[in-house]
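To start, the structure under review is shown below, and the notes come after it.
The values are calculated or read from the model by the stated rules, or taken from the named source; none is laboratory data. The shown structure was predicted, so the numbers you read here are calculated from the model rather than taken from an experiment. Here the Cβ is made from the backbone with ideal geometry for all residues, glycine too, and neighbour counts use every protein chain on show.
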Amino acid sequence: MTAPAHDLIIVGAGFAGMYTTVHAVRSGLDVLGLEAASDVGGTWYWNRYPGARCDVESIDYSFSFDDDLQREWRWTERYATQPEILRYLNHVADRFEVRPHYRFSERVSSAVWDESGQMWNVQTESGLETSARWLVMATGGLSQPQLPDIPGRDDFAGEVLQTSAWPDAPVDLRGKRVAVIGTGSSGVQLIPTITDAASEVTVYQRSANYSVPAFNRPIDDAEWALQQQNLRHRRELSWNGAAGSPWTTQPVPYAEADDAERAAIFEESWTRGGVLFAKAFNGLTVDPMINDAARAFFERKLAEKVSDPEVRAALTPRDHAVGTKRICTDSGYYEAYNLDHVSLIDLRREPIEQITADGIRTSARLREHDVIIYATGFDAMTGALTAIDIRGRGDRSLREEWRGFPSTYLGVALPGYPNLLVLNGPGSPSVLSNMALTSEQQGDYALRLIDHCRRKGYSSAEAMADAAREWTAHGLELAEKTLFGSARSWYTGANIAGKARGFLPYIGGFRTYIDHCDKVAEADYPGFVMT
Ligand code: N01
């Protein structure tokens, strides 16, 4: 029987992959990391578009495992820009000697379980073949870009850009007529940053989104000192919270507040910035009455920002409740539409029919462009895994199985795929939480399971189908009690034609999820078969 080349292969060098690599090496495992990009960074490597920033505060969106790192890395803004986060991840890679364990520019194409050898045989697009007892997929929830299937897409003769694969070299938009397709978080962040350079910006919007200003600001020395002083407490709140950040919903129940109090709480939550608006009242994404009040508040804010009533009407979300698609976090998004050279095309009234060599033809007319920017999102949560030909026990294909809704145990383990551990996978809190901390929890959990098997002399661990079915049903049941399912969002697979529908992340809260995971580990892993 051939022995595996490594104890562990980790795919991906973003937050989760890097964390797991550092700790796997510390625990004495022989680790090979494989990363499609030419360097570390994951999401922050690829999404280099102007305006890209995190919508979780920098002090929270950073690793918590090393006190010296937390003290010594000085964030400069409340919400860090993509270049700053990428610098941070490079610093982490240097500081903890991550790179020597990775092979970069290696995109994994297949992973096949070898039953007799109890190992995964892994191949990359470049032809690299290797193997390991354990395979950890740290491939990210928003890493498989999705380009719309518009007739003539490849006929455009001008420049084509994609927010999720933005070039490293500077892009010069000066004097150009730029089209942007997509108004999710990426489009909303990008659009106000290109209006100075471009001679025309035409935004093609299919659905209006809720966007709340970031209220970003530099962190001065006094604020930094205070953050450092409170860091331990802040981290405790984050680890014990529902979304991996110290923020909680406002304490006053909606039903007990009068109109003036409600208005004040909405205002306060608005100025917290971005996604935190959804935390105005407990139950905001559950109770349609509270949600309607949030919507009315939002619409009043929009009216203050956008002067043209027709544009304002088009920018008003009509098809989903507040917070059921991720709220965008912007800096000057709506205000951009007050500029004469920025126009909004409402695709609900005027759908795109074709892309031609010269531009974009809608049902109304052809508009000529020099550049088209796609900000059209991702095949979220499952796309990066189904892009790889993963074959489990008996040659079963993950890609085929996940044509249906993905069944996972704790979001981490998949029945039929022994020794394959997914970090931030469907059925884990992932994108509903602070990914810096979920990555630590997920990496620790994977390594704890591996350690358990090694100590007990097991060569494989596999989730039982019943355990996965129950966990998945539990997640879906929790989601059904909320308003989330009503939105056509990437959370539910609705943004991808033909994708099975259902709420993909675990919505029961970060702390509750950790407790579930710990309970399973402490009871010696019921729901797993170990051999
Ligand atoms: O992608 P999206 P994203 N014709 O799927 C439109 C995180 N993130 O990259 O809504 C025309 O949200 C689509 O329209 P519709 C964050 O979690 C965070 O912007 O499907 N339009 C939508 O407007 C976020 O939620 C930050 O009707 C088409 C847009 O493209 C997630 O990543 C920044 C179309 C896609 O929006 C994804 O955000 C960036 C078509 N054929 C990303 N197909 C921060 O702020 C799609 N669209 C931290």
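Among the residues of the range 162-169, are any modelled with pLDDT of 95 or more and more than 16 Å from the ligand (Cβ to nearest atom)? It would help to see each step written out before you state the result.
Within the range 162-169, the subset modelled with pLDDT of 95 or more is 162-167.
Next, from what is left, pick out any that are more than 16 Å from the ligand (Cβ to nearest atom): 167.
Yes; the residues of the range 162-169 include at least one that is modelled with pLDDT of 95 or more and more than 16 Å from the ligand (Cβ to nearest atom).
Look through the range 170-201, keep the residues that are surrounded by fewer than 19 Cβ atoms within 10 Å (Cβ to Cβ) and of a type in the set (Gly, Ala, Ser), and return whichever of them is nearest to the ligand (Cβ to nearest atom).
Within the range 170-201, the match that is nearest to the ligand (Cβ to nearest atom) is Ala197.
Hey, does the range 202-212 have a residue that's of a type in the set (D, E, K, R), buried (at least 17 other Cβ atoms within 10 Å of the Cβ) and at pLDDT 95 or above?
The answer is yes; a qualifying residue exists.
Within the range 116-129, which residues are closer than 27 Å to Trp44 by Cα, surrounded by fewer than 18 Cβ atoms within 10 Å (Cβ to Cβ), touching a residue at least 12 places away in the same chain (Cβ under 8 Å) and not charged (D, E, K, R)?
Ser126, Leu128
Got a number for residues in the range 357-386 being more than 16 Å from the ligand (Cβ to nearest atom), touching an Asp or Glu at 6+ places or on another chain (Cβ under 8 Å) and either modelled with pLDDT under 95 or closer than 30 Å to Gly158 by Cβ (or both)? Working first, answer last.
Step one: list which residues in the range 357-386 are more than 16 Å from the ligand (Cβ to nearest atom), which gives 357-358, 365-366, 368, 370-371, 385-386.
So of that shortlist, the ones also touching an Asp or Glu at 6+ places or on another chain (Cβ under 8 Å) come out as 357-358, 366, 368, 370-371, 386.
Applying the additional criterion that residues be either modelled with pLDDT under 95 or closer than 30 Å to Gly158 by Cβ (or both) yields 357-358, 366, 368, 370-371.
Qualifying residue count for the region: 6.
Where in the range 1-100 are there helices (runs of 4 or more DSSP H), lying fully within it, with 2 or more residues that are within 16 Å of the ligand (Cβ to nearest atom), touching a residue at least 24 places away in the same chain (Cβ under 8 Å) and out of contact with any His (no Cβ under 7 Å at 6 or more places or on another chain)?
By residue number, 15-26, 43-46, 82-95.
Could you say which residue among Ala500, Ala494, Ala487, Ala467 is of a type in the set (A, V, I, L, M) and over 22 Å from the mean Cα position of the chain (by Cα)? Step through it out loud before you land on a result.
Working: Ala500 fails: over 22 Å from the mean Cα position of the chain (by Cα); Ala494 fails: over 22 Å from the mean Cα position of the chain (by Cα); Ala487 fails: over 22 Å from the mean Cα position of the chain (by Cα).
The unique qualifying residue is Ala467.
Yes or no: the range 389-408 includes at least one residue that is within 16 Å of the ligand (Cβ to nearest atom), touching a helix residue (DSSP H, G or I) at 6+ places or on another chain (Cβ under 6 Å) and under 21 Å from His474 (Cβ atoms).
No, every residue in the range 389-408 fails to be within 16 Å of the ligand (Cβ to nearest atom), touching a helix residue (DSSP H, G or I) at 6+ places or on another chain (Cβ under 6 Å) and under 21 Å from His474 (Cβ atoms).
Give all pairs with beta carbons closer than 7 Å in which a residue from the range 223-234 that is of a type outside the set (Lys, Arg) meets a residue that is surrounded by 12 or more Cβ atoms within 10 Å (Cβ to Cβ); count only pairs at least 6 apart in sequence or on separate chains.
Gln227/Ile59; Leu231/Gln70
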